């Protein structure tokens, strides 16, 4: 995104021959530091103003230029006329009994579409670690069979302001009653693992992650910003060339036949391409602290991918890929074609992997009382793909068949 000065548009005032000039204000929220530097240079200001304003926006949560006290009054007046700091609209928020927080944002004009964001605090006494699961698209362009988000179809990519705005709002939720001078950043970890496939919205996602890493914005460690992908192989390589963050792969199956069913993008980028791409990502020169291993996400589906032979296949698949494996108990959604693996089955699967030397954890289900658990983010999508419509027809047909069978 280039930082371009807003254009004035003129139209005759009703009942008068005088022209009225309206200025479309530039939203500074999603701008990276180079973009903000360009913006201020276009205003005739020094580039260092960008860092000052970034701190006010992202570290102190200030949206009123009048409160930016280390900026001259003249510049503040100028900014009021041409710029704004606007996060996506929060239409709903819900805080779980386990500390999980979920926000629903309206994006787009008019009724727009809805996207969801979830914050998960650490499950310990301090609760110091707070991980935010951020959405990157309105709906999802992919259609993984076990994910409720995919059943909503797809509308569009989110803008950088809509992506980083989710982090801004989450931080603000802990600072609302704190004086500006005493505010501090609260979210410690970010995972690009909400609605959408991040690598299919590459530029806005990378710009947002650059803000997360920037010391003038959120100043997060590269190890604490993770991008999760279903396996868009060419974009994994591009990511390695562009930014240094942690990488997670939504694997969910140890062989191509099963993964074709669960994660359809595997038909285009099968495991023979995906695993080498992950190895190249780790091998890329850069900050080794964020590239010591790949996180493998594996949702546990009863009788589908949780058998002993699947664990053995997974060991063989990952033997040359430094990995941390995260087993995720399936979170059911209405009419889901799968069930959750039993606790005993998950524990046995974990033991096989751990005994072979892998770090293997079981993700604790959090926020399911507010539909904020993994795979449950749905939102409300003005679906361009008509996938939601087809899914609803399929469900209705299956329900009708069940009723007919019961009536026979």
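Throughout, read-outs are computed from the coordinates displayed, never taken from laboratory work. Bear in mind the structure is a predicted one, so any value in this text is a computation, not a measurement. Heads up, the Cβs are rebuilt from the backbone with ideal geometry, glycines too, and the neighbour counts pull from every protein chain shown.
Here the spin labels are modelled as points 7 Å beyond Cα on the Cα-Cβ line, and at residue 41 and residue 178 they lie 3.5 nm apart.
Ordered by the count of other Cβ atoms within 10 Å of each Cβ, fewest first, 163, 346 give 346, 163. With the simple spin-label model, which puts each label point 7 Å out from Cα in the Cβ direction, the residue 319 to residue 77 separation comes to 7.4 nm. Taking only the C-alpha atoms of the stretch 190-333, Rg followed by Dmax gives 15.2, 49 Å. Each DSSP beta bridge with both residues in the stretch 254-353 is either parallel or antiparallel, and the antiparallel ones are about 10%. Peptide packing for 72-80, 271-279, 196-204 was compared via the average number of neighbouring C-beta atoms within 10 Å per residue; ordered from the highest value, the list is 196-204, 271-279, 72-80.
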